[in-house]
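> Structure below; questions to follow.
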Amino acid sequence: MSKYSSPVVTLDGPSGSGKGTISLRIADALSWHYLDSGALYRIVGLIASRTSIPFSDEAGVSKIARSMQVEFIAGQVFLEGEPVEDEIRTEQAGNRASQVATLPLVRSALLEWQRQCAKPPGLVADGRDMGTVVFPNATCKIFLTATADARAQRRFNQLRLKGFDVNIRQLFEEITERDRRDAERKNSPLVPADDAITIDTTKMSIEQVSDSILLHIQNSGLTIPDK
């Protein structure tokens with residue numbers, strides 16, 4: 001059992017591995033709270049962009065992280081009451097988040113914010129260092145991965161459905177660059193936790209991945225509620 005006030009399941013992995021979609025499904029299946037940690041970094045990047053604070057100003061960017069008012073409601077993200085879901089899901093927002101995430105003061109500022117999300121009946125936390133840094137004592141840790149080609153194709157399909165004009169070659173290059181930056185950063189690099197279960201989602205459907213994770217959760221001693 002975790003050392004937190006409620007059980008925690010973590011889902012980590014690179015961009016396009018399916019973390020967001022799968023985490024929402026798992027949280028719904030368990031009737032638990034959901035933490036999209038990546039959205040926090042995207043919002044920090046958005047505010048920095050809006051206020052013209054350069055990412056080189058680590059103190060200024062970390063001040064944003066400490067003071068921003070964010071809410072997750074019914075699958076939507078609100079910044080001081082303003083819906084920003086669409087604005088933070090672009091590739092530009094993702095690239096800003098990846099740069100912001102390299103700043104130690106920002107990661108430190110968001111650490112306690114994220115840990116406070118572990119409330120009854122439980123939390124599903126989606127990110128890149130949930131199982132290694134934020135919730136190292138989580139009850140069940142999952143690390144999702146997929147080939148860069150598959151992840152680029154998924155992002156391409158997602159963005160096209162939302163009406164964005166995107167280029168798959170550019171998406172592939174941005175994803176591989178983000179992978180490099182996430183893996184090489186000194187503070188909380190993107191790596192599986194030693195006790196995480198790694199699932200390659202390249203050739204799996206959403207349902208197959210979800211079923212596999214729910215089985216691992218049951219095997220960890222947690223109960224899946226009947227619906």
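> Looking only at region 63-121, filter to residues that are in a helix (DSSP H, G or I) and loosely packed, with under 13 Cβ neighbours inside 10 Å; which one of those is farthest from the chain's Cα centre (by Cα)? First the steps, then the outcome.
So the first thing to find is which residues in region 63-121 are in a helix (DSSP H, G or I), and the list is 63-67, 91-100, 104-115.
Still in the running and loosely packed, with under 13 Cβ neighbours inside 10 Å: 67, 112.
Working: SER67: 20, GLU112: 16 Å.
Top of the filtered list is SER67.
> Here is a further query. For region 122-131, which residues satisfy the criterion of being surrounded by 23 or more Cβ atoms within 10 Å (Cβ to Cβ) and either in contact with a Phe, Trp or Tyr (Cβ under 8 Å, 6 or more places away or on another chain) or not hydrophobic (A, V, I, L, M, F, W, C) (or both)? Break it down into steps so the answer makes sense when it comes.
Just the residues of region 122-131 that are surrounded by 23 or more Cβ atoms within 10 Å (Cβ to Cβ), to begin with: 123-131.
If the condition is that a residue be surrounded by 23 or more Cβ atoms within 10 Å (Cβ to Cβ) and either in contact with a Phe, Trp or Tyr (Cβ under 8 Å, 6 or more places away or on another chain) or not hydrophobic (A, V, I, L, M, F, W, C) (or both), then LEU123, VAL124, ALA125, ASP126, GLY127, ARG128, ASP129, GLY131 are the ones that fit.
> When you look at THR21, is it more than 14 Å from VAL134 (Cα to Cα), of a type in the set (Val, Ile, Thr) and modelled with pLDDT under 95, yes or no?
On the way: more than 14 Å from VAL134 (Cα to Cα): yes; of a type in the set (Val, Ile, Thr): yes; modelled with pLDDT under 95: yes.
Considered against the rule, which asks whether it is more than 14 Å from VAL134 (Cα to Cα), of a type in the set (Val, Ile, Thr) and modelled with pLDDT under 95, THR21 comes out as yes.
> Sticking with this structure for a sec: Out of the residues in region 1-31 that are out of contact with any helix residue (DSSP H, G or I) (no Cβ under 8 Å at 6 or more places or on another chain) and assigned to a loop (DSSP other than H, G, I, E, B), state the one that is surrounded by the most Cβ atoms within 10 Å (Cβ to Cβ).
Residue satisfying both the conditions and the ranking: PRO7.
> Collect the residues in region 203-227 that are hydroxyl-bearing (Ser, Thr, Tyr) and modelled with pLDDT of 95 or more, keeping them in residue-number order. Walk me through it before giving the result.
Step one: list which residues in region 203-227 are hydroxyl-bearing (Ser, Thr, Tyr), which gives 205, 210, 212, 220, 223.
Correct list: SER210, SER212.
> A further question follows. Would you call ALA183 touching a residue at least 40 places away in the same chain (Cβ under 8 Å) and either of a type in the set (Asp, Glu) or within 27 Å of ILE88 (Cβ to Cβ) (or both)?
no
> A follow-up question, please. Only one of (1) free of Cβ contacts under 8 Å to residues at least 60 places away in the same chain; (2) under 20 Å from LEU190 (Cα atoms) fails for ASN157. Which number is that?
Here ASN157 clears every test but (2).
> Scan region 122-148 for residues that are of a type outside the set (Ser, Thr, Tyr) and in a helix (DSSP H, G or I) and jot them down.
Filtering region 122-148 down to residues of a type outside the set (Ser, Thr, Tyr) leaves 122-131, 133-138, 140-144, 146, 148.
Listed by number, the residues that qualify are MET130, GLY131, VAL133, VAL134, ALA148.
> Which residue pairs have Cβ atoms under 7 Å apart, sit 6 or more places apart or on different chains, and have a first residue in region 101-121 that is free of Cβ contacts under 8 Å to residues at least 40 places away in the same chain and a second that is of a type outside the set (Gly, Ala, Ser)?
If the second residue must be of a type outside the set (Gly, Ala, Ser), the pairs left are LEU111/VAL134.
> Check ARG160, ARG151, ARG181 and return the single one that is loosely packed, with under 15 Cβ neighbours inside 10 Å, assigned to a helix (DSSP H, G or I) and not aliphatic (A, V, I, L, M). So that I can check it myself, show each step before the final result.
Details: ARG151 fails: loosely packed, with under 15 Cβ neighbours inside 10 Å; ARG181 fails: loosely packed, with under 15 Cβ neighbours inside 10 Å.
Unique residue meeting the criteria: ARG160.
The values are calculated or read from the model by the stated rules, or taken from the named source; none is laboratory data. Everything numeric here is computed off the predicted structure, so don't read it as measured data. Don't worry about glycine lacking a Cβ; one is built from the backbone with ideal geometry, like all the others, and counts go over all protein chains shown.
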